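J.: Let me give you the structure first, and then I'll get to my questions.
The values are calculated or read from the model by the stated rules, or taken from the named source; none is laboratory data. These numbers come from a predicted model, not from an experiment. Cβ: placed from backbone, ideal geometry, glycine included. Neighbour counts: every protein chain shown.
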Amino acid sequence: MKQRPTLTWMAGVALGFVVLFQGMPSASAGPISPEIKEIYGKDCKKCHGWDGAADTAMGKKLKMSSFTSADFQKKIKDDAIAKAILEGWTDPNDPKRKMKAYKDHISEAQAKELVKVVRAFAKSPGPFPGEK
Ligand code: HEC
C-alpha cells in the first residue's frame, strides 16, 4: 500500500481548494457575468440599489420593497420576475409605483440571468458584494 499517502495528500489539496472557493463571496451568490452586472448597474441599480434593498431616493419615493426580504422572495415566481423586467410592472392600486418594460434592449436570456440576480439578493452578501 505505497500509494495511500500520496492519494490522501491529493485529496487533502483538492478539499482545500473546495473550501477556499466556497469561502469566496462570489461563490455563494452564483456566477453573475460582467455583462449582467453592467445591465443591472445601468438599468436597475438607480431604483433597486446594488444591495437590492431599494434603499435609494427612487426606492423611497415609490415605496419599493426589498429583494432581500424573505417574504418578497417567497411570494414571487421566477416567471413573474422575468415578466416584470421584460414587460414592466405597475401597481394596480397606485399607478405611480411602476417600472418600465426593458424588452427593447434586454433579451429573454438576459432576463433569466437577472432572475438569478434578484434571487441572489436573498443571501448575504448578495450578487454584488462591495458595490455601493
Ligand atoms: C424607475 C425605478 C425602477 C427601475 C429603474 C427598475 N425598477 Fe424594478 N421595480 C420598480 C418598482 C416601483 C417596483 C414595484 C414596487 C416593488 O415591489 O418594489 C419594481 C418591481 C420590480 C420587481 C418585482 C415585480 C413584482 O411583480 O413584484 C422586480 C423583479 C424588479 N422590479 C426587477 C427590476 C430589474 C431587474 C430592473 C433592471 C432591469 C429594474 N427592476 C429596474 C422600480 C424600478
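J.: Loosely packed, with under 10 Cβ neighbours inside 10 Å and either at pLDDT 95 or above or in contact with a Pro (Cβ under 7 Å, 6 or more places away or on another chain) (or both): does that describe Ala57? Quick ask: steps written out before the conclusion?
T.: Numbers: loosely packed, with under 10 Cβ neighbours inside 10 Å: yes; either at pLDDT 95 or above or in contact with a Pro (Cβ under 7 Å, 6 or more places away or on another chain) (or both): yes.
Criteria met by Ala57.
J.: On to the next question. Among the candidates Asp79, Asp43, Asp71, single out the residue that is assigned to a helix (DSSP H, G or I), over 18 Å from Pro31 (Cβ atoms), touching a residue at least 12 places away in the same chain (Cβ under 8 Å) and among the acidic types (Asp, Glu). Talk me through it step by step, then tell me what you get.
T.: Numbers: Asp79 fails: touching a residue at least 12 places away in the same chain (Cβ under 8 Å); Asp71 fails: touching a residue at least 12 places away in the same chain (Cβ under 8 Å).
Every option except Asp43 fails the conditions.
J.: I would also like to ask the following. Where residues in segment 62-90 are near the ligand (Cβ under 6 Å from one of its atoms) and of a type outside the set (Val, Ile, Thr), which of them is surrounded by the fewest Cβ atoms within 10 Å (Cβ to Cβ)?
T.: Our first condition is that a residue be near the ligand (Cβ under 6 Å from one of its atoms); within segment 62-90, this holds for 62, 64-65, 76, 80-81, 84-85, 89.
This time we only want the ones that are of a type outside the set (Val, Ile, Thr), so: 62, 64-65, 80, 84, 89.
Working: Leu62: 17, Met64: 18, Ser65: 16, Ala80: 12, Ala84: 19, Trp89: 14.
Result: Ala80.
J.: Could you please find all residues in segment 94-132 being free of Cβ contacts under 8 Å to residues at least 40 places away in the same chain and assigned to a strand (DSSP E or B)?
T.: Of everything in segment 94-132, those that are free of Cβ contacts under 8 Å to residues at least 40 places away in the same chain and assigned to a strand (DSSP E or B) turn out to be Asp94, Pro95, Lys96, Arg97, Lys98.
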